[in-house]
Amino acid sequence: MPIDNADELRKAVDRAVSSVQITDVHTHLFSPRFGGLLLWGVDELITYHYLIAETHRWIDLPVEDYWELSTREQADLIWRTLFLENSPLAESCRGVLTALRNLGLDTAARDLEGYRSRFASLRVEEYVDTVFERSGVKEVVMTNDPFDDAEREVWLQGPEEDPRFRAALRLDALLNAWETGGAKLARWGYGVQTRLGGDTIREVKRFLKEWAERMQAVYMAVSLPPTFVMPEDSPRSRLIRECVLPVCEELNIPFAMMIGVKKLVNPGLRLAGDSVGKASIETVEHLCTTYPGNKFLVTMLSRENQHELCVAARKYRNLMPFGCWWFLNNPSLVDEITRMRLELLGLSFIPQHSDARVLDQLLYKWEHSRRIIAGALCDKYRDLMATGWRIEESEIQRDVGKLFGGNFWQFVERKI
């Protein structure tokens, strides 16, 4: 039956969005087999790098002294500063409280020690099941770096066995730091040279194929600065052009570019010290035009790039915008960007990914995003109804399934 009024419409959209099983297309999570690389629990949640940066806006403690504290001591400091001495209005603070509430904990108690006691009784394997179930996430795509020694050892033991954790081959160490990345390849027995001479291109391609197949990677990925341009005379440009793109096309997997991060503008804050800059959409257009056989997953960090990226996606079938990344993952911006994408691209994009570094963040990032996306969708369906168009609930369920996973898998599996 068609939906007849705005009240029924809102209920139908809410049902579809709240029940859909999500593919989280970009995270920094790991399965339990990776041991300590999987971050979880209340202290990890509170010491997320967003909250570290916010805390240092309030305290006089030198940053080097902060890093001397244990994780527990850091969490105590952040909790006291951001949650007790100030109201936790920032999205990252609200997220901590949403996650705790979704675990059945009493946030009104403000009892950090009590929360710790609850987590101390949990087994990580069971907790993973709990988080996936309560967040409504079906599967996540990890960020997998073969240049990280601890992670590399796990992969050498065999592929990931938990189907909820899919792999993405991360290439920052190869593309953004060729001298050190290339030196590691040489130590591992690949015949590469610093100046990319000899068999270097062939050997890098061999490395990429071996690791993409070992991980069963669903895409290759790199985080890029706002100054990234192609074509240019640099090792990165040549490695992308002659190695990454040919291998991605051969294996029929996308190349994901996350563009716009300025690394360590405040080095003392470590991961919390990164910033944002506006990037060149012309580079994305050049790649999509020059390499029509390749698929590009693209997210850009600057708000100012979002309209340009939407317009570019209208022109290129091999370009898929995804998510509201990092500093854009705030309710007002997610709402704005989602509405713009719906108006320019219809349903042909991926509205969100969690970028979660701590398992528990799935509990709040997706609750918050579901609510915002549902609101934007409801308004757009209401606009359709105003034209006389009749909408079936099954159509809403179809559309929501595409946005929260279907579009990603169709793009990954499609041959351009």
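If contacts are Cα pairs under 8 angstrom and at least 6 residues apart, what is the relative contact order of the stretch 9-157 in percent?
Relative CO of the stretch 9-157 lands at 43 percent.
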Any chance you could check the Cα centroid distance between the stretch 274-316 and the stretch 322-345 for me, in angstrom? 15 Å
Scan around Val298 for amide H atoms under 5 Å from its own, H built in the peptide plane at 1.01 Å from N, and keep only partners 5 or more places away or cross-chain. Met257, Met320, Phe322
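Shape call for the stretch 231-364 from the C-alpha gyration tensor, a ≥ b ≥ c root eigenvalues: rounded (a/c under 1.5), prolate (a/b greater than b/c) or oblate?
Details: a/c = 1.65, a/b = 1.19, b/c = 1.39.
Cα axes put the stretch 231-364 in the oblate bin.
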Sorted from fewest to most neighbouring beta carbons within 10 Å, what does the list His56, His286 look like? His286, His56
Over 32 Å between C-alpha atoms is what I'm after, so list which of Lys184/Lys263; Lys205/Lys262; Lys205/Lys365 land there. Lys205/Lys365
Distance in nm between Trp409 and Arg382 label points, each 7 Å along Cα→Cβ, equals 3.2 nm
Please give the charge dipole size of the stretch 6-413, origin at the Cα centre, charges +1 on K and R Cβ atoms and -1 on D and E Cβ atoms. Round to the nearest 20 debye. 860 debye
Zone of Arg15 (label point 7 Å along Cα→Cβ, backbone N under 15 Å): which residues in the stretch 371-400? 391-400
Compare the Cα positions of Thr200, Ala272, Cys324 along the charge dipole of the stretch 6-413 (+1 at Cβ of Lys, Arg; -1 at Cβ of Asp, Glu; about the Cα centre) and return the one farthest towards the positive end. Thr200
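Compute the signed sum of charges (Lys and Arg +1, Asp and Glu -1) over the other residues within less than 14 Å, Cβ to Cβ, of Pro267. Provide the component values of the computation, followed by the final result.
Working: positive: Lys262, Lys263, Arg270; negative: Glu64, Asp274.
Computed value for this residue: +1.
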Beta bridge orientation in the chain: antiparallel %, DSSP, nearest 5: 10 percent
Putting +1 on Lys and Arg Cβ atoms and -1 on Asp and Glu Cβ atoms, find which of Ala217, Val154, Leu384 reaches farthest to the positive end of the dipole of the chain. Leu384
Please list the non-local residues whose amide H lies under 5 Å from the amide H of His353, H modeled 1.01 Å from N, same-chain partners needing a gap of 5 or more. Gly323, Cys324
J(HN,Hα) series, the stretch 73-89, from Karplus relation 6.51 cos²θ - 1.76 cosθ + 1.60, nearest Hz, glycine and proline x: 5, 4, 5, 4, 5, 5, 4, 5, 6, 8, 10, 9, 8, 9, 6, x, 7
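For the stretch 294-343, give the magnitude of the charge dipole about the Cα centre (Cβ charges: +1 Lys/Arg, -1 Asp/Glu; no others), in debye to the nearest 20.
Values: 7 positive and 5 negative charges, 62 e Å.
Computed about the Cα centre, the dipole is about 300 debye.
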Quick one: if you stick a label point 7 Å off each Cα along the C-beta vector at Glu285 and Glu232, how many nm between them? 1.8 nm
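Once a ≥ b ≥ c are taken as the square roots of the eigenvalues of the Cα gyration tensor of the chain, is the result rounded (a/c under 1.5), prolate (a/b larger than b/c) or oblate (a/b not larger than b/c)? Before the final figure, lay out each step's value.
Numbers: a/c = 1.63, a/b = 1.10, b/c = 1.48.
Cα axes put the chain in the oblate bin.
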Could you pull out every residue, at least 5 positions away or on a different chain, whose amide H is within less than 5 Å of the one on Arg166? Hs are placed 1.01 Å off N in the peptide plane, and Pro or chain starts have none. Val140, Val141, Met142
Dimensions (Å) - the stretch 85-182, Cα atoms, principal axes, largest first: 52, 32, 23
Say R0 is 25 Å: what FRET efficiency, to the nearest 0.05, do Asn266 and Asp148 get from their beta-carbon distance? 0.60
Table column - 3J(HN,Hα) (Hz), the stretch 40-45, Karplus curve with 6.51, -1.76, 1.60, x for Gly and Pro: 7, x, 5, 5, 5, 5
5 Å-binned pair-distance histogram of the stretch 1-93 (Cα, whole percent): 2, 10, 16, 14, 12, 11, 10, 8, 7, 5, 3, 1, 0
Mind checking which aspartates and glutamates have their Cα closer than 14 Å to the Cα of Lys295? Skip sequence neighbours fewer than 8 apart in that chain. Glu249, Glu250, Glu285, Glu413
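With charges only on Cβ, +1 for K and R and -1 for D and E, what is the dipole size of the stretch 140-272 about its Cα centre, in debye, rounded to 20?
On the way: 18 positive and 19 negative charges, 70 e Å.
About 340 debye.
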When a/c reaches 1.5 or more, the comparison of a/b and b/c decides; with that in mind, is the stretch 363-416 rounded, prolate or oblate per its Cα gyration tensor? oblate
From the backbone phi of the stretch 253-266, what are the Karplus-calculated ³J(HN,Hα) couplings (6.51 cos²θ - 1.76 cosθ + 1.60, θ = phi - 60°) in whole Hz, Gly and Pro given as x? 10, x, 9, 9, 10, 10, 10, x, 8, 9, 6, 6, 5, 10
Could you pull out the longest piece of the chain with no exposed loop GluC sites (Glu not before Pro) in it, calling a site exposed if DSSP puts it outside H, G, I, E, B and it has at most 12 other Cβ atoms within 10 Å? 233-416
Mean separation of Cα contacts under 8 Å (at least 6 apart) over the residue count of the stretch 6-413, i.e. the relative contact order in percent, is 22 percent
For the stretch 300-376, divide the Cα radius of gyration by the Kirkwood radius and give the resulting Rg/Rh value with two decimals. 0.96
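Values quoted throughout were computed directly from the atomic coordinates according to the rules given, and no laboratory measurement underlies them. Worth saying up front: this structure is predicted, and the values here are computed from it rather than measured. A quick note on method: Cβ atoms are made from the backbone with ideal geometry, for glycine too, and the neighbour counts reach across all protein chains shown.
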